[in-house]
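A short write-up of the structure that comes next.
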Amino acid sequence: MGQMTFSDYEYSNRKRITKREEFLDIMEEIIPWGEWVEFVKPYYPSGKRGRPTKGIEKMLRMYLLQVWFNLSDEGVEDAIYDSYAFRKFMGINFNEEQVPDATTLLKFRHLLEENHLGEQMFKAINYVLEQGGAMMKGGTIVDATIINAPSSTKNAEKARDPEMHQTKKGSEWRFGMKCHIGVDAGTGYVHTVTATPANVHDITETAKLIREDDEVVYGDSGYVGIQKRAEIKDDDHLSKIDYRITRRPSSLPKVSDNAIDWERYIDYRKSSVRSKVEHAFKIIKGTFGFSKVRYRGIDKNLHKLNVLFACANLLMFARAKKFSPVQIG
């Protein structure tokens, strides 16, 4: 932001900074803005015809606010007008310009989705982490989580989203999609993301989540029997991987009170590694609030997941105090 406004002077005298502003300050520093702007530039209107376009970085900032705080197009527009932290992150001075409207953001979001730019951002972040030695190789943790979708039929089509599906988890029926991720076993960074309807079993996506250099794979009891699947045993690389799958407690043999329960100890050690996958899901569902889909269709929500996990990796990296502008820029 250029010249300070009266609001900037007023807010500079605060006794404390909110957690929201602290989070935005972290993302301000760690997002590779120049690189992400270059991804969008080939697809962004030149502005030679029609209304003058807003800057790519400004629209990207607005889109990320929408993603991080799980807001609608109209909701993020209103939030920027209401919140000093949002306005500061956007770099908007109301004496000079106004917030891009919801329709402009809608068109920008569709541009990103249609050209799969979220996937490019996710891969670019992971490439930098790998090249900088922050992401290790050789081991992957696989897991999946259900993201709910509206089950109501009170909409224009009078129907649920046809790409979503219902499934039973425990004693509860859930309707929505399933997010599958592959996480680096050494660091907890997410390296692969896929999405399916909620009724697709976790184990069916496993082969897509394993890297070419992986030698060991961790998973919970939902992946028991993975070695017997055709796509695993018939593949020269996948069939040689050491699958360390945590078994269900009820399937472990009972031992006498005087004996050492080695089976449970081994499963405990597996679980201590596997638990790293939960950190990524906590950021997506807890920090970013993506526990319920906002858009119809798997592809749109997969695009959002790619952007969210790219940002989650950056946030984990920053929290681990490994950030350096030279490394990320």
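The values are calculated or read from the model by the stated rules, or taken from the named source; none is laboratory data. None of the values given here were measured: they were computed from a predicted structure. Virtual Cβ from ideal backbone geometry, glycine too; neighbours counted across all protein chains shown.
A few remarks follow.
- Hey, GLY286 within 29 Å of ALA198 (Cβ to Cβ), exposed (fewer than 13 other Cβ atoms within 10 Å of the Cβ) and at pLDDT 90 or above or not: yes
- Qualifying helices (runs of 4 or more DSSP H) (wholly inside region 224-298; at least 3 residues being farther than 24 Å from ASP213 by Cα): 262-274
- Single residue of region 289-329 satisfying the filter (hydrophobic (A, V, I, L, M, F, W, C) and in contact with a Pro (Cβ under 9 Å, 6 or more places away or on another chain)) that is modelled with the lowest pLDDT: ILE328
- Listed by position, the helices (runs of 4 or more DSSP H) contained in region 84-177 that have at least 1 residues being surrounded by fewer than 16 Cβ atoms within 10 Å (Cβ to Cβ) and β-branched (Val, Ile, Thr) are 102-114.
- The residues on offer are LYS270, LYS233, LYS254, and the sole one that is of a type in the set (D, E, K, R) and exposed (fewer than 11 other Cβ atoms within 10 Å of the Cβ) is LYS254.
- Residue pairs whose Cβ atoms lie under 8 Å apart, sitting 6 or more positions apart in sequence or on different chains, and linking a residue in region 143-172 that is in contact (Cβ under 8 Å) with a residue 12 or more places away in the chain and in the same structural domain as VAL193 (by TED's automatic domain parsing) to a partner that is aromatic (Phe, Trp, Tyr) and in a loop (DSSP other than H, G, I, E, B), are ILE147/PHE290.
- From the list ARG274, ARG269, ARG264, the lone residue that is over 15 Å from the mean Cα position of the chain (by Cα) and farther than 30 Å from ARG319 by Cα is ARG264.
- Selection count where residues are of a type in the set (A, V, I, L, M, F, W, C) and either on the phi > 0 side of the Ramachandran plot or buried (at least 23 other Cβ atoms within 10 Å of the Cβ) (or both), scope region 294-306: 1
So that you can scan it fast, the table gives a plain yes or no per residue for (1) touching a Phe, Trp or Tyr at 6+ places or on another chain (Cβ under 8 Å); (2) surrounded by 10 or more Cβ atoms within 10 Å (Cβ to Cβ); (3) among the acidic types (Asp, Glu); (4) at pLDDT below 90:
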position: ARG16; (1), (2), (3), (4): no, no, no, yes
position: ILE26; (1), (2), (3), (4): no, yes, no, no
position: GLU29; (1), (2), (3), (4): yes, yes, yes, no
position: VAL40; (1), (2), (3), (4): no, yes, no, no
position: SER46; (1), (2), (3), (4): no, no, no, yes
